[in-house]
Amino acid sequence: CDCTWEHGCIIMSGRSVTASEFPDLVFPPEPKSALTGRMIVKAFRARIDILSPTSAGVKIIGCVDPQLGPLVPQWLINFACKRMAGVVLHFLQRQAARVASGAPSPHVSAIQGDSEFYHDWMLEKVDTYCTKQ
């Protein structure tokens, strides 16, 4: 959701999908072991506040089911998820720095492969927003 002019931010939302919802896509096989499972993201929301042409503030909310069932008590899952939030943000910041440096990666390739979105639309919008603020 593009809220740039109203609130100076961009909102993202999503959730996990299943192979039955997208039969034309190739999904990795389901884990076979009894101790492994595929984590389900029930809901994901991110608010990206545009601070300047080169910086942004990010707020992330997620509702995740790690599919650990009766193996791990719920209180331990909750504790670990809260602690993991900081680790996830650290890795997001580290990946953002790599992308900004232009080092070869799948993210850089995707951005370079879709210049119509990233350069012609998004970068133009952020630059225009920042110069008018």
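With contacts taken as Cα pairs under 8 Å and at least 6 residues apart, segment 16-133 reaches a relative contact order of 19 percent. Across the options 44, 126, 22, the greatest Cα extent toward the positive end of the charge dipole of the chain (unit charges at beta carbon of Lys, Arg, Asp, Glu) belongs to 44. Among 49, 120, 65, the largest mean-square fluctuation in a Gaussian network model of the chain, built with springs joining Cα atoms closer than 10 Å, belongs to 120.
Taking a straight Cα-Cα cut-off under 27 Å and skipping sequence neighbours fewer than 8 places away in the same chain, the lysines within cross-link reach of residue 32 are 42. Computed over protein heavy atoms with a 1.4 Å probe, the accessible surface of segment 36-115 works out to 74 Å² per residue. Please report, as a whole percent, how much of the solvent-accessible surface of the chain comes from carbon and sulfur atoms (probe radius 1.4 Å). Carbon and sulfur: 63 percent of the exposed surface of the chain.
Once the Cα-Cα distance is subtracted from the 0.36 nm per residue extended length, the residue 96 to residue 124 segment shows a gain of 8.2 nm. The magnitude of the dipole of the chain, with charges of +1 and -1 set on the Cβ of Lys/Arg and Asp/Glu and taken from the Cα centre, is near 760 debye. GNM remark for the chain: springs join alpha carbons under 10 Å apart, and the peak mean-square fluctuation among 27, 91, 44 falls on 27. When the helices of the chain are scored as -39500 (n - 2.57) per DSSP H run of n ≥ 4 and the total is divided over every residue, the value at 222 nm lands at -11500 deg cm²/dmol. For residue 25, the solvent-accessible surface with a 1.4 Å probe is about 110 Å², rounded to the nearest 10.
Convex hull volume of the Cα atoms of segment 1-59, normalised per residue: 155 Å³.
With N as its number of residues, the chain has a Cα radius of gyration that, divided by 2.2 N^0.38 Å, comes to 1.29. Pairs of Cα atoms nearer than 8 Å and 6+ residues apart set the relative contact order; for segment 21-67 it is 37 percent.
Stretching residue 7 away from residue 26 to a fully extended chain increases their span by 3.1 nm, per 0.36 nm per residue minus the current alpha-carbon distance. Counted by Cβ distance under 10 Å from residue 9, the other residues give a net charge of -1, where Lys and Arg count +1 and Asp and Glu count -1.
Structure remark: mean-square fluctuation, Gaussian network model of the chain, C-alpha springs under 10 Å; the largest value among 66, 28, 104 belongs to 28.
The values are calculated or read from the model by the stated rules, or taken from the named source; none is laboratory data. What you see is a predicted model, and the numbers here were worked out from it, not measured in a lab. Counting neighbours? That spans all protein chains shown, and the Cβs are built from the backbone with ideal geometry, glycine included. Quick note on the areas: whole protein, heavy atoms, side chains included, nothing else; ligands and nucleic acids left out. Shrake-Rupley method; radii C 1.70, N 1.55, O 1.52, S 1.80 Å.
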